[in-house]
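K.L.:
So that we are looking at the same thing, I have put the structure below in structure tokens.
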Amino acid sequence: MELEIVAKRDNPLLKRTEVRFRVTHPSEPSPQRGALRDQLAKALHATRDIVIVDFSRSEFGRSASRGYAKVYKSKEDALRVERKHILVRNGLLEAEKKEEKPKEPRAPPPKREEAPKPAEKPAAPPKEEKPAAKEEKKAAGKEERKTEKPEGKPSTEKKEGKPATEKKEEKKPEAKKGGKEGK
């Protein structure tokens, strides 16, 4: 791992030196934050506890990374100025652990009463059919189920005054038996 300092700037108001750096790391993964802090401390003649690495991003398709770091005059200055999550990342503060509240068992939600369903209209009494062959009854029963419409909607299949079910009854058996029905 080879460290190169790209830019260096003193900031006397915040009592720190701001550094932009580039690290080449051929045949190695991107360096860890701790390793970067060590290398920066050596290059800038400082101790590890006052060096804060703000970010480090690897360059796409290359074995190099660029980053930004700050070197404070003292650890107290770093603790006073830096954001908490950056201090936690650099190991100067411990992460705050949220206390988990003991979970209280939830009461089941109250059951809703279903609204009474509107009374359905009674179906019309079935019409009496003339005795016919068993096959005709089965075919007619199947066709009636297919062509039934909900009440209140007129059937669009009525033509020539015949109900839709009778019309289909006549055609269906003829197609199956080739017109030999009823002879």
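K.L.:
Using DSSP to define loop residues, name the GluC sites (Glu not before Pro) in segment 1-90 whose beta-carbon has at most 14 other beta-carbon atoms within 10 Å.
P.N.:
Numbers: sites: 2, 4, 18, 59, 76, 82; in loops: 59, 82.
Loop-located and lightly packed - 59.
K.L.:
In the structure displayed, which of 70/98; 15/84; 42/73; 73/97 lie more than 23 Å apart, Cα to Cα? If you can, show how the numbers build up before the last one.
P.N.:
On the way: 70/98 29 Å; 15/84 18 Å; 42/73 15 Å; 73/97 29 Å.
As for pairs spanning more than 23 Å Cα to Cα, those are 70/98; 73/97.
K.L.:
Another question, then. Mind listing the phi-derived Karplus ³J(HN,Hα) values for segment 82-93, rounded to whole Hz, using 6.51, -1.76 and 1.60 with θ = phi - 60°, and x for any glycine or proline?
P.N.:
The phi angles translate into 5, 6, 4, 5, 6, 5, 5, 4, 8, x, 8, 10 Hz.
K.L.:
Using DSSP to call loops (not H, G, I, E or B), can you name the trypsin sites (Lys or Arg not before Pro) in segment 42-84 whose Cβ has at most 13 other Cβ atoms within 10 angstrom? Walk me through the intermediate numbers first.
P.N.:
Values: sites: 42, 48, 57, 62, 66, 70, 73, 75, 80, 83, 84; in loops: 62, 73, 83.
For trypsin sites (Lys or Arg not before Pro) across segment 42-84 that sit outside H, G, I, E and B with at most 13 neighbouring Cβ atoms in 10 Å, the list reads 62, 83.
Quick note: the coordinates plus some simple rules give every number you see, no bench work behind them. This is a predicted model, so every value here is computed, not measured. Because the Cβ atoms are built from the backbone with ideal geometry, glycine has one as well, and the counts that use them run over all protein chains shown.
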